[in-house]
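S.K.: The structure follows.
Nothing in this text is a laboratory measurement; each read-out follows from the coordinates by a stated rule. Owing to the predicted nature of the structure, the values given are computational and were not obtained by experimental measurement. We place every Cβ from the backbone using ideal geometry, glycine too, and count neighbours over all the protein chains shown.
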Amino acid sequence: MNKLSGQSILDTLTGQFEKFEKGLNGQSKTAIHQVRKDAFNRLKDTGFPAPKNEEYKFTNLTKALEKNIDFSSTLRNELSKDQIESVKINNLEAYDLVFINGEFAAQYSDNIQEKGLKISTFEKAIKSDTELVIEHFGKQANVKEDAFVALNTAFSKNGVFIKVDDNAVIDKPIALYFIGDGTSSQPIYNVRNLLLVGKSAQVTVLEKFDTIGNEKSFTNAVNEIYVAQNANTRYFKIENDTESSYHISNISVAQERDSNFTANTIALDGAMVRNNLDIKINGEGCEAYMNGLYMLGGKTHVDNHTVVDHMMPNSYSNELYKGIMNDKSKGVFNGKIFVRQDAQKTNAFQSNKNILLTNDATVNTKPQLEIWADDVKCSHGCTTGQLDQEALFYLQARGIKKEKARAILLHAFASDVIQNLASEAIEAYVEEILASRLEV
Amino acid sequence: MSNDDQILEEFTSKEYEFGWTVDLEADEAPKGLNEDIVRFISAKKEEPEWLLKWRLDAFKAWQKMTEPKWPNVDYPAIDYQDLIYYSAPKKGAKPKSLDEVDPELLATFEKLGISLTEQKRLTGVAVDAVIDSVSVATTFKDTLAELGIIFCSFSEAVKEHPELVRKHMGSVVPVTDNYFAALNSAVFSDGSFCYIPKGVRCPMELSTYFRINAANTGQFERTLIVADEGSYVSYLEGCTAPQRDENQLHAAVVEIKAAKDSEVKYSTVQNWYPGDKNGKGGIYNFVTKRGICEGDNSKISWTQVETGSAVTWKYPSCILKGDNSQGEFYSVAVTNNYQQADTGTKMIHIGKNTKSRIVSKGISAGRSQNSYRGQVHVMKRAANARNFSQCDSLLMGDKCGAHTFPYIDIENQSAQVEHEATTSKIGEDQIFYCQQRGIDEESAVALIVNGYAKEVLNKLPMEFAVEAQKLLALTLEGSVG
């Protein structure tokens with residue numbers, strides 16, 4: 001048999017998986033562990049994405065990980081309170097939960113007591129809400145087709161379990177801070193979140209990934225989200241690692257009828273970042289919104305893959321992703337819209353716009369439509385270009401310096417995505433970073 | 001109104017109208033593919049040693065390759081050993097003039113509407129006709145020769161202009177480019193060759209007509225067009241095949257080279273037999289077409305109307321190497337019943353100030369699948385590159401599919417690239433509007449579809465545009481309701 005892609009990582013992981021199993025104290029016979037075992041066997045059979053894999057064509061994460069990440073590293077360090085406070089979003093009224101190197105840090109987290117809301121770590125939920133976890137765990141995420149989901153599933157222990165009861169309206173956002181300590185160790189961690197939103201319930205969840213320090217790190221996050229009938233869920237993902245962190249995130253969403261789901265994805269920094277967002281519309285009358293912004297500098301490589309799968313009629317999806325690429329950065333976008341045969345009267349829109357600021361920056365974009373129903377309205381558009389020279393001149397003619405004029409135009413370019421965030425504190429946070437990047 | 005009447009008339013004749021066969025005595029190679037067959041074809045064509053070697057190298061490369069699986073099409077595996085790789089209408093010595101051509105053959109072309117003797121004088125189109133694998137007649141050769149234009153069958157070119165053929169063949173589509181190009185390179189039997197000398201503007205449309213006649217054969221032809229500095233040529237290609245229950249393979253290669261300040265316009269109306277209503281039979285059309293704008297200010301334009309074939313796999317591409325060079329791609333692809341098409345283009349911007357434009361209109365009906373797959377690649381050096389792409393899909397019925405796979409890869413900040421795609425169906429209000437004015441539903445659909453595709457049809461030379469409009473109507477008949 002041929003050597004699999006990423007064989008050296010697999011070899012290291014095999015030993016770790018055995019250790020991991022032993023550390024579970026007799027839990028290794030449970031149904032949940034069976035899912036882990038299946039996932040690991042799958043990973044061992046197929047390996048990590050090969051360079052020619054269409055889904056990872058522009059993002060050779062396997063090679064980057066083999067070269068840069070030592071999977072045998074188990075060193076863990078603590079972080080100080082100041083370091084933790086520094087990554088939080090100012091003025092955001094939220095329930096904060098802090099995870100350091102993947103492990104839940106109770107001392108820095110809020111104790112949440114709200115009617116209709118149940119939050120616990122994923123590890124605890126396996127014991128306390130076994131049935132719910134079994135019902136949903138690994139069902140939505142693409143364990144079979146994505147090696148990184150399989151890897152995450154095999155080692156799933158850390159992360160959070162959130163359940164919102166039917167009709168509960170949770171006003172306060174839930175903010176999950178995942179902080180990697182790259183000051184003195186090379187953290188590698190898997191995060192597994194399960195979010196169940198009950199009928200007619202409403203909730204907002206924020207997930208923020210940061211790395212402190214410049215050591216190499218690897219984060220692999222998987223979220224499974226279930227939005228029940230008539231529920232409304234807003235989801236934020238802000239990724240702000242360092243130039244030596246590797247990050248992959250898979251978000252899989254299932255929407256039931258008349259539900260509403262919004263995903264906001266902001267990518268700011270990292271060596272190589274890959275975001276997979278996968279929304280399945282399983283009911284009629286759903287609405288799905290996807291906003292994305294990536295502002296890249298240095299040698300950062302960000303890859304956003306989104307899939308919206310319209311299985312049922314009369315639904316609506318709208319996607320807007322914008323990117324600004326500076327220095328030697330690289331932006332990749334792949335948006336897929338599927339409209340199945342039954343999904344008549346679907347309206348699906350997708351737009352991807354990119355600005356390149358230097359000749360060393362690149363963009364690879366692939367907006368993809370696959371449609372099997374005839375009575376639909378679908379469109380996608382994508383543009384790549386530079387700032388409008390005439391607009392720049394217009395501002396300069398009014399006495400605004402070129403750098404400032406450039407900043408104004410870039411700010412305007414990003415503003416519709418920022419406004420779509422619809423949260424003052426988060427908008428302010430993104431604006432501040434944008435401003436500092438533009439050096440005005 | 002006469003045009004509309006004709007469309008209506010076409011509607012009454014339901015099936016594929018070019019589905020007849022002619023009993024031509026054919027000279028065939030035995031079934032199967034091996035080195036001996038490659039040698040057999042080469043010997044049959046009395047080819048020089050270098051070409052035989054070229055073919056054998058291609059064959060060896062092909063043996064190592066595997067059939068591509070990435071196109072969005074689905075067909076039973078092809079048994080490459082069950083095909084006949086060479087079939088030529090039997091005849092004695094090569095005819096000197098048309099009077100000596102087999103009358104049966106001439107009748108075939110009359111039937112196709114291509115009269116090799118008379119019609120050419122009226123329309124002023126020089127035709128090279130290829131039946132099965134062999135070029136049977138080329139018209140207007142002498143008139144063109146006066147201008148220094150070479151327009152002849154590929155095998156003739158090998159004999160008479162070996163230096164030109166040897167220099168340019170395989171330079172745009174290398175032997176190992178892809179599976180079907182390699183197969184073609186190994187077993188190609190004939191095709192057309194065209195050379196336009198410096199500063200010459202070809203006074204008439206050049207045209208090749210391809211026809212598959214014999215059963216169980218694959219057709220592998222090669223076209224090579226070389227436009228020297230400052231020249232211009234417009235080239236047409238048409239194709240038909242008989243109605244048969246089994247699938248037939250067609251794997252062609254087209255190469256275009258455009259030197260400084262030259263312009264090449266290549267138009268195709270592809271109407272191979274698409275199979276019957278239940279998806280039985282039809283041609284597998286796996287074609288590699290590529291042009292290179294080598295010199296500055298050169299231009300290559302592809303226009304295609306794809307209505308036939310059971311499975312189509314085809315991406316006419318432009319490599320924009322010269323500064324200020326331009327590439328264009330206009331396409332209408334119609335699929336009905338069980339047809340599948342995966343087609344599109346590649347625009348590779350290498351030179352500065354290069355421009356490209358893509359307009360693709362897909363129409364799917366019945367149970368067909370229609371995909372657009374394209375790439376726009378702006379290399380680092382290609383300052384001020386400009387691209388505009390538009391790909392629209394029209395769906396008729398809820399059993400068909402429309403897919404879009406555009407790849408856009410930009411490595412230069414001054415590039416400006418736009419891509420737009422929409423998918424929709426024919427509006428009921430549009431049909432109602434026509435019906436209200438006494439136009440029946442099917443004609444209304446034909447009318448709307450023609451309007452939808454007009455942007456592309458307008459780019460076709462006049463004679464072809466009329467034919468293409470009729471074809472559109474014909475392909476879509478019975479797809480409403």
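S.K.: Residues with amide H under 5 Å of A:Asn167's amide H, sequence separation 5 or more or different chain, H placed in the peptide plane at 1.01 Å from N; which?
M.R.: Under 5 Å from the amide H of A:Asn167: A:Lys199, A:Ser200, A:Ala201.
S.K.: Rounded to the nearest 5, what % of DSSP beta bridges with both residues in chain A are antiparallel?
M.R.: 5
S.K.: Give the long-range amide H neighbours of B:Thr223: residues separated by 5 or more places, or on another chain, with amide H under 5 Å away, using H modelled in the peptide plane at 1.01 Å from N.
M.R.: The answer is B:Ser192, B:Val253, B:Val254, B:Glu255.
S.K.: As an exercise, identify the GluC sites (Glu not before Pro) in the range A:93-155 lying in DSSP coil whose Cβ has no more than 11 other Cβ atoms within 10 Å.
M.R.: Working: sites: A:Glu93, A:Glu103, A:Glu114, A:Glu123, A:Glu131, A:Glu135, A:Glu145; in loops: A:Glu93, A:Glu114, A:Glu145.
When the GluC sites (Glu not before Pro) of the range A:93-155 are filtered for loop state and at most 11 Cβ neighbours within 10 Å, A:Glu93, A:Glu145 remain.
S.K.: Still on this structure, I have one more. By per-residue mean of other Cβ atoms within 10 Å, what is the highest-first order of A:174-184, A:157-167, A:37-47?
M.R.: A:174-184, A:157-167, A:37-47
S.K.: So, one more: Classify the range A:152-203: rounded, prolate or oblate, from the alpha-carbon gyration tensor (a ≥ b ≥ c, eigenvalue square roots; a/c under 1.5 rounded; otherwise prolate if a/b is larger than b/c)?
M.R.: oblate
S.K.: For the range B:229-235, what does the Karplus curve 6.51 cos²θ - 1.76 cosθ + 1.60, with θ = phi - 60°, yield as ³J(HN,Hα) per residue in whole Hz, taken in order and with x for Gly and Pro?
M.R.: 3, x, 9, 9, 8, 10, 10
S.K.: Right, here's the next one. Averaged across the residues of B:422-433, what count of C-beta atoms belonging to other chains lies within 10 Å of each residue's C-beta?
M.R.: 3
S.K.: Taking the range A:365-430, which trypsin sites (Lys or Arg not before Pro) meet the DSSP loop condition and have no more than 16 other C-beta atoms within 10 Å?
M.R.: Values: sites: A:Lys377, A:Arg398, A:Lys401, A:Lys402, A:Lys404, A:Arg406; in loops: A:Arg398, A:Lys401.
When the trypsin sites (Lys or Arg not before Pro) of the range A:365-430 are filtered for loop state and at most 16 Cβ neighbours within 10 Å, A:Arg398, A:Lys401 remain.
S.K.: Using the Karplus equation 6.51 cos²θ - 1.76 cosθ + 1.60 (θ = phi - 60°), what ³J(HN,Hα) coupling, rounded to whole Hz, does each residue of the range B:271-279 give in order, writing x for Gly and Pro?
M.R.: Computed from phi, the couplings for the range B:271-279 are 9, 4, 4, x, x, 8, 4, 9, x Hz.
S.K.: Still on this structure: Give me a comma-separated list of calculated 3J(HN,Hα) values for the range B:180-188, in order, Karplus coefficients 6.51, -1.76, 1.60 applied at θ = phi - 60°, integers in Hz, x for any Gly or Pro.
M.R.: 6, 5, 5, 4, 4, 4, 6, 10, 4
S.K.: In peptide B:392-400, what is the residue-averaged number of other protein chain Cβ atoms found within 10 Å of each Cβ?
M.R.: Neighbouring Cβ atoms belonging to other protein chains average 4 per residue here.
S.K.: Against the globular-protein guess of 2.2 N^0.38 Å, express the Cα radius of gyration of chain A as a ratio, rounded to two decimals.
M.R.: Normalised Rg, Cα atoms only: 0.96.
S.K.: May I pose another question? Is there a simple number for the mean count of other chain Cβ atoms within 10 Å of the Cβ of residues in A:352-363, and what is it?
M.R.: Mean partner-chain Cβ count within 10 Å for A:352-363: 4.
S.K.: Based on the alpha-carbon gyration tensor of the protein assembly as shown and its eigenvalue square roots a ≥ b ≥ c, which shape applies: rounded if a/c is under 1.5, prolate if not and a/b is larger than b/c, or oblate?
M.R.: The shape class here is prolate.
S.K.: Given the peptides A:81-91, A:341-351, arrange them by the average over their residues of other C-beta atoms within 10 Å, most packed first.
M.R.: Values: A:81-91: 13.7, A:341-351: 19.0.
With the highest mean Cβ count within 10 Å placed first, the list reads A:341-351, A:81-91.
S.K.: Continuing with the same structure: Please give the peptides B:301-311, A:423-433 ranked by average Cβ packing (other Cβ atoms within 10 Å per residue), highest first, as a rough proxy for protection.
M.R.: Answer by packing, highest mean first, reads B:301-311, A:423-433.
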